[in-house]
Amino acid sequence: MFGFLKSRKTQPVPATEVATEEVAPVAVEVVAEAASESAATAKSSWAQRLKSGLARTRSTFTSQVAGLFGVGAKIDEALFEELETVLLSADVGVEATQHLIDKLRGRVKRERLTEASQLRDALKAELVDLLAPLEKPLDIDNSKPFVIMLAGVNGAGKTTTIGKLARRFQAQNKSVLLAAGDTFRAAAREQLAEWGRRNNVEVISSRAGDPAAVIYDAIQSARSRGIDVVLADTAGRLPTQLHLMEEIRKVKRVIQKADINAPHEVLLVLDANIGQNALMQVKAFDEALGLTGLVMTKLDGTAKGGVIAALAKRQPVPVRFIGVGEGLEDLQPFRVAEFVDALFA
Amino acid sequence: MFDNLTQRLSHVVKNLRGQGRLTEANVQDALREVRVALLEADVALPVVRDFIARVKEKALGAEVLKSLTPGQMLIGVVHKELTHLMGEQAAPLSFATQPPAVFLMAGLQGAGKTTSSGKLVRVIREQGRKKVLLVSCDVYRPAAIEQLKLVSAQAEADFFPSVPEQKPIDIARAALDHAKKHFYDVLIVDTAGRLHVDAAMMDEIKALHAFLKPVETLFVVDAMQGQDAVNTAKAFNDTLPLTGVILTKLDGDARGGAALSVRHITGKPIKLVGVGEKLSGIEVFHPERMASRVLGMGDVLSLIEEAHKAVDHAEAMKTVQKLKSGKGFDLEDFKAQMQQMKKLGGLSSLMDKLPGAGQIGAGDLAQGEKQMVRIEGIINSMTPAERRNPALLKASRKRRIAAGSGVQVQDVNRLLTQFEQAQKMMKSMGKGGLSKMMRGMKGMMPGMR
């Protein structure tokens, strides 16, 4: 989130490298904090990953916000306007930005805040409030197999996400089967097969073109072999391609034929680089499939998917995972407090 | 979901009626709405600011045309500026070098580089260069090379094989050597998606560029990209001397504000746009259309143009008047109208842009579009005389037409009812304006609530 937050006067040049170093000590601090929260050893490494993945966000955001919330500065109209700029530039969108600013104004009045620095915590609190409903980690129940279907627009990172999810579930001692439901794009099958090889997971695919049939077969095969989790890939599609949206509806129907309770999870994969169109995507895929969660990918760039805030306001669907890097372990559960903390650290 | 800019403006400028000039005071609120519209279209904030300042400068003091409200006038100025910013006219691909002309593709992950590489083949062939070689330097993403290989086969172009164990620069060297020896006209070099903040990867593509000396270095951008487009575009433009931009996934419903951001930041022309996954889905970029799309206002513009014409040639008014009276409007015109609609990008994009059309579902539109094809078929099965005078159509003729176009007689009847409604609509357009016309249109299109 809050990828690139430049001041009104500067040219749009993100001086990322320099800024990253500036905030490095603060980052370490938060890592320690996050680690102490949980006894799990994996946690600190995840926090570290999140930290480094979001470093660029934080650096640009921090340098930006630090300027705004400088010591001794008073809260005035110009400050609110700057804040609006910061939020808009992070893809938070007009509506959610307005919402946050209004809330902030209310808080300033209620709590008689005068110092600009106090506004920082207030904004943080408001963001946490807004995003809190989205924090619902994915719970894999005892369904065997637990079927997870992934959907999304072209290039969102569905196949890569499946690779990372497979690794994640394996680490939790779950057996995983991949279903190569993207029968359309050139070499999508091979791409998934490669992920399967790397994770040592079997991939069910078929040369013939029906995605629903491939996934159906995968579920049948998973059941007979007692596999825990089936990850079903689908071809990328834009919500405007109505025949393809129809096709993915069918895929879901056929999955239900294989298992009446499946798919247990329908994930929409969103690219953090996407702007306000993410709202449309969530709406359209939700109408077609009934989404149970989101995965936000590519958060390691300077774009930080502030559109999550816009979604929280307009189309709240739980964010299950965020992708903060290219490594297999870089897909992590979405935790609001840490996320917002990371941004403000 | 998003309010149409025109709709927003109509609120703001309601109290401006009757003012003959755009002044500082009366454009202030309106410009705020323009700003919001641009932000919702994902135009980056710094770009929006520059742009608003320019529009303000241009708009102040402009005289409001007789037939326009100040709001419409302002949209006119905004649109003109937007078109100007987008680059006025289409920029062609360059081949001005000793063959092979190298095309280097660059962009973020998932932007659509590989698909665009395949699509480029077609564009290049259309311009008379026959021998095209494709090579992938993406040694990172699983099966990326395989993907380009398949895409090349689909595009019926030659593919230079590479393996993930090779270094990108070595692949490039071998491919260029091969292209030279075998007299290829064009070599398209696909690269891995990379983050602009990944220094090592940016150095890699820089080295590739330095070695290949491409005649076209094309930056591939997702039309759905948000505010961060300014950062990525800036970083890529700083690293590589880009020569142009390919805007992909334009068939989505994103307004494509990224196009404006990228253009503004890099100053490089947007040369091509990608629509759909088929290899034929690539088009020349039209700045004017993009401007309308970003503003979300295709139709209003043509109305403005109409108004301009009306001011210039009173003669043209007569023809319009005749149409509006409903007299000269026959089935031939009805068909032409539908074809025009198709040219504008089909019902869905058209309805999208009409104020108040937001509540019509996409599924209904698809049905409507199918219906339009059928209607055309029915009209094509009529004789010219019947088209001019639908009153001729009695039971026996209707049966013939139904058989000829493969539909039921009921469908022919339905068309005739719709046609009558359209006739009425043309009349009401003269009197009631757009909102009334919209009501008429909803009635006309089957399957719409």
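The values are calculated or read from the model by the stated rules, or taken from the named source; none is laboratory data. From a predicted model like this one, the values you see are computed outputs, not experimental measurements. Backbone-built Cβ (ideal geometry, glycine too); neighbour counts: all protein chains shown.
Below, the figures for the structure above:
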{"item": "Qualifying residue in region A:130-142 (condition: in contact with a helix residue (DSSP H, G or I) (Cβ under 6 Å, 6 or more places away or on another chain), on the phi < 0 side of the Ramachandran plot and surrounded by 24 or more Cβ atoms within 10 Å (Cβ to Cβ))", "result": "no"}
{"item": "Residues (out of contact with any strand residue (DSSP E or B) (no Cβ under 8 Å at 6 or more places or on another chain), under 21 Å from B:Ala258 (Cβ atoms) and surrounded by fewer than 20 Cβ atoms within 10 Å (Cβ to Cβ)) located in region B:87-111", "result": "B:Glu88, B:Gln89"}
{"item": "Matching option when the condition is in a loop (DSSP other than H, G, I, E, B) and closer than 21 Å to B:Ala223 by Cβ, among A:Thr240, A:Thr234", "result": "A:Thr240"}
{"item": "Subset tally (residues that are more than 8 Å from chain A (Cβ to nearest Cβ), buried (at least 20 other Cβ atoms within 10 Å of the Cβ) and part of a helix (DSSP H, G or I)) for region B:32-46", "result": "4"}
{"item": "B:Ala223 on the phi < 0 side of the Ramachandran plot, within 9 Å of chain A (Cβ to nearest Cβ) and among the aliphatic types (A, V, I, L, M)", "result": "yes"}
{"item": "Residue satisfying all of: in region B:250-272; under 23 Å from A:Ala188 (Cβ atoms) and not small (Gly, Ala, Ser); farthest from the other protein chains (Cβ to nearest Cβ) among these", "result": "B:Leu250"}
{"item": "Strands (runs of 3 or more DSSP E) contained entirely in region B:122-198, each with at least 3 residues that are touching a strand residue (DSSP E or B) at 6+ places or on another chain (Cβ under 6 Å) and touching a residue at least 40 places away in the same chain (Cβ under 8 Å)", "result": "B:132-136, B:186-190"}
{"item": "Matching entry among A:Ala180, A:Ala188, A:Ala213, A:Ala218 (being free of Cβ contacts under 8 Å to residues at least 60 places away in the same chain and touching a helix residue (DSSP H, G or I) at 6+ places or on another chain (Cβ under 6 Å))", "result": "A:Ala180"}
{"item": "Lone qualifier among B:Asn237, B:Asn231 - being of a type outside the set (A, V, I, L, M), surrounded by 24 or more Cβ atoms within 10 Å (Cβ to Cβ) and in a helix (DSSP H, G or I)", "result": "B:Asn231"}
{"item": "Residue ID - nearest to the other protein chains (Cβ to nearest Cβ), chosen from residues in region B:240-249 that are part of a strand (DSSP E or B) and crowded, with 24+ Cβ neighbours inside 10 Å", "result": "B:Thr248"}
{"item": "Among the candidates A:Ile260, A:Ile227, residue that is more than 8 Å from every other protein chain (Cβ to nearest Cβ) and free of Cβ contacts under 8 Å to residues at least 24 places away in the same chain", "result": "A:Ile260"}
{"item": "Residue selected from region B:126-142 under the condition modelled with pLDDT of 90 or more and out of contact with any Ser or Thr (no Cβ under 8 Å at 6 or more places or on another chain), by the criterion farthest from the other protein chains (Cβ to nearest Cβ)", "result": "B:Lys131"}
{"item": "Qualifying residue in region A:187-207 (condition: surrounded by fewer than 22 Cβ atoms within 10 Å (Cβ to Cβ) and closer than 29 Å to A:Lys283 by Cβ)", "result": "no"}
{"item": "Condition check for B:Glu204: at the interface with chain A (Cβ under 8 Å from one of its Cβ atoms), touching a helix residue (DSSP H, G or I) at 6+ places or on another chain (Cβ under 8 Å) and of a type in the set (Asp, Glu)", "result": "no"}
{"item": "B:Gly118, sole failed condition from (1) within 11 Å of chain A (Cβ to nearest Cβ); (2) more than 26 Å from the chain's Cα centre (by Cα)", "result": "(2)"}
